Structures are given as structure tokens and as C-alpha cells.
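Peer 1: Would you mind keeping the following structure in view while I ask a few things?
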Amino acid sequence: MTIQIDDTDRRILRQLLADPEMTTADLAARAGVTTATCWRRLDRLRAAGVVGVPRAVIDWRAMGYEVEVSLRFNLDKTHPRAFDEFIDAARLVPEVVRIETFLGRVDLRLNVIARDMAHYAEVYRSRILSLPHISDIEALMLVATLKDETALPI
């Protein structure tokens, strides 16, 4: 469902992106609307899925995880449940922080974190290589994140 947003919604969204933790009253003041209007519009935007439920974002690097590897997989698609079984098994690996599927040359990508290279090697050998239906793996080690933006230009 696509929702139509106007300039007032955009002002509210811009201010919310700038400081997601501010109160509705502060958000309303910064967006130039009443608190009641701000609350109603936020409620409508949440109901439409434009604004999601707040969640904690934990910096895994601050917790001692220094290695991130993106693993690209091609699966043996001769098995009818290859994707489902692979994804179900990958979800059980605690070090897998992201699972994505694709159309094209790569079937899936897993982002894996580890404390160091020795830990990554152990996770790779004991948990990743045992995932079902793998026909090919390519590893890309993260060197630097240059942009990590979730906001849209509103």
C-alpha cells in the first residue's frame, strides 16, 4: 500500500530522522504543528508502515567483534526446498547478522561477524560449511563502511 504524504508529513519525518528519540511534543514544535496533529500523523504513518517500530541498535564492534565477512552463495537448486532449508539453517547461526536473497548470479548473501580471524575460521568451518545445499561460496571481507544511510531524501 502506498501512502500519500504532504509537506507536513515530510517536515515531521525529517525531524524524526534528525532525532528519533525526541518526544512527540518536541517533534511537533520542530515540525511546526500541534502535538495532536503530530501524534495523528505519526499514527497514520506507522499504520501505513512508513515509520517502523523503534528498536535497539547494538554496535557489535563495541562488543569485540572486529571481523565482518559477506558470503555470497549459490545453491544446488535441484532440491525443491533448497532455499528454505538453507535459510532456516542460516538463521540458527548466531554470527549471521544479515540474510539476503537475490535474483541474478548470486542466490543469497550472509553477513557474518566474528571477534577475530581465528573465530571467523572456526565459524566458517563448523557452522557455515555445514549449511545445506551449497554449490558455491564467495567471501568478501569488509574493509570499511563508507556510507550507511537508511534515511530517504525527504
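Peer 1: What translational diffusion coefficient, in µm²/s and rounded to a whole number, does the Stokes-Einstein relation yield for the chain at 37 °C and a viscosity of 0.692 mPa s, taking the hydrodynamic radius as the Kirkwood radius over Cα pairs?
Peer 2: Numbers: Rh = 18.7 Å.
The estimated diffusion coefficient comes to 175 µm²/s.
Peer 1: Right, another one. By how many nm would the segment from Gln4 to Val53 grow when fully extended, if each residue of separation counts as 0.36 nm and the alpha-carbon distance is taken off?
Peer 2: Result for the pair: 15.7 nm of gain on full extension.
Peer 1: Continuing with this model, one more query. Where Rh is the Kirkwood radius over the Cα pairs of the stretch 22-91, the temperature 10 °C and the viscosity 1.306 mPa s, what D in µm²/s does Stokes-Einstein return?
Peer 2: Numbers: Rh = 16.9 Å.
It diffuses with D of about 94 µm²/s by this estimate.
Peer 1: How large is ³J(HN,Hα) for each residue in the stretch 130-145, as worked out from phi by the Karplus curve 6.51 cos²θ - 1.76 cosθ + 1.60 (θ = phi - 60°), to whole Hz, x for Gly and Pro?
Peer 2: Once θ is set to phi - 60°, the couplings for the stretch 130-145 become 8, 5, x, 6, 6, 10, 7, 10, 10, 9, 10, 8, 5, 9, 7, 9 Hz.
Peer 1: Also: Add -39500 (n - 2.57) for each DSSP H run of 4 or more in the chain, then divide by its residues: what number comes out at 222 nm, to the nearest 500 deg cm²/dmol?
Peer 2: Values: 5 runs with 50 residues, N = 154.
After summing the helix terms and dividing by the residues of the chain, the value is -9500 deg cm²/dmol.
Peer 1: Next question, about the same structure. Counting other beta carbons within 10 Å of each residue's own, what order do Phe73, Phe83 fall into, fewest first? Intermediate values should be presented prior to the final figure.
Peer 2: Values: Phe73 21, Phe83 15.
By the 10 Å Cβ count, ascending, the order reads Phe83, Phe73.
Peer 1: Further, regarding this structure: Cα gyration tensor of the stretch 7-47, axes a ≥ b ≥ c as square roots of the eigenvalues: rounded (a/c below 1.5), prolate (a/b > b/c) or oblate?
Peer 2: Values: a/c = 1.26, a/b = 1.14, b/c = 1.10.
Rounded, because the longest to shortest axis ratio a/c is under 1.5.
Any read-out appearing in this document is the output of simple, stated calculations on the displayed coordinates, not a laboratory observation. In this text the structure is predicted, and so the values were computed from the model without any measurement. Ideal geometry is used to build each Cβ from the backbone, glycine not excepted, and the neighbour counts take in all protein chains shown.
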